[in-house]
Amino acid sequence: MNILIALFLILFEASAEGLSLAGHKGIAGGIEFIFLAVITFVMFSYTTGVYRIFTRKHPVLSLQPRIFTVIGGYVLLRFALFDVIHNLCAGIPVFFIGTTKWYDLFWQWFFTWSNIPAGHFFFMLKLIALLIGVTWLMGWQHGIIKDR
């Protein structure tokens, strides 16, 4: 099993970097997304105990809502923080919209079509995603104070 894990890590990272260097950034981005999604799922599966679904002691249905809540919280938190941190470190505007990726093209179309200021929209959208993501990751989706 360890050899399969090592080969997975090496293959996906090396192929994504090589394709990116060769100019195939779209395919490289897709491979990198799969790589990061699997790594994220495995890490959260371990911390939430979902990896135990293959044993007879723990039923699958009792563990499913927990892993989906954790992964959903991670996705929302990543959406809220990643671009802000990346853009600050790169020295570009915090809510910068690029011109190369499909979601950048979508946002450009959306803001041209709707005439909504991009900065205000992204600030509120990312703030809401941050609050919901933190809430789900902390296990507060049913309230902070739990009944005993």
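The values are calculated or read from the model by the stated rules, or taken from the named source; none is laboratory data. Because the structure is predicted, anything quoted here is derived from the model rather than measured. Positions of Cβ are backbone-derived with ideal geometry, glycine not excepted, and every protein chain shown enters the neighbour counts.
Confirm whether F95 is at pLDDT 70 or above, under 19 Å from the mean Cα position of the chain (by Cα) and in a helix (DSSP H, G or I). Spelling it out, it is not the case that F95 is at pLDDT 70 or above, under 19 Å from the mean Cα position of the chain (by Cα) and in a helix (DSSP H, G or I). For the range 10-49, the tally of residues that are at positive phi and either touching an Asp or Glu at 6+ places or on another chain (Cβ under 8 Å) or at pLDDT 80 or above (or both) stands at 1.
State whether the residues of the range 73-90 include one that is β-branched (V, I, T), in contact with a helix residue (DSSP H, G or I) (Cβ under 6 Å, 6 or more places away or on another chain) and modelled with pLDDT of 85 or more. No, the range 73-90 contains no residue that is β-branched (V, I, T), in contact with a helix residue (DSSP H, G or I) (Cβ under 6 Å, 6 or more places away or on another chain) and modelled with pLDDT of 85 or more. Going by what's in this entry, would R52 be described as out of contact with any strand residue (DSSP E or B) (no Cβ under 6 Å at 6 or more places or on another chain), among the charged types (D, E, K, R), modelled with pLDDT of 70 or more and assigned to a helix (DSSP H, G or I)? The answer is no for R52.
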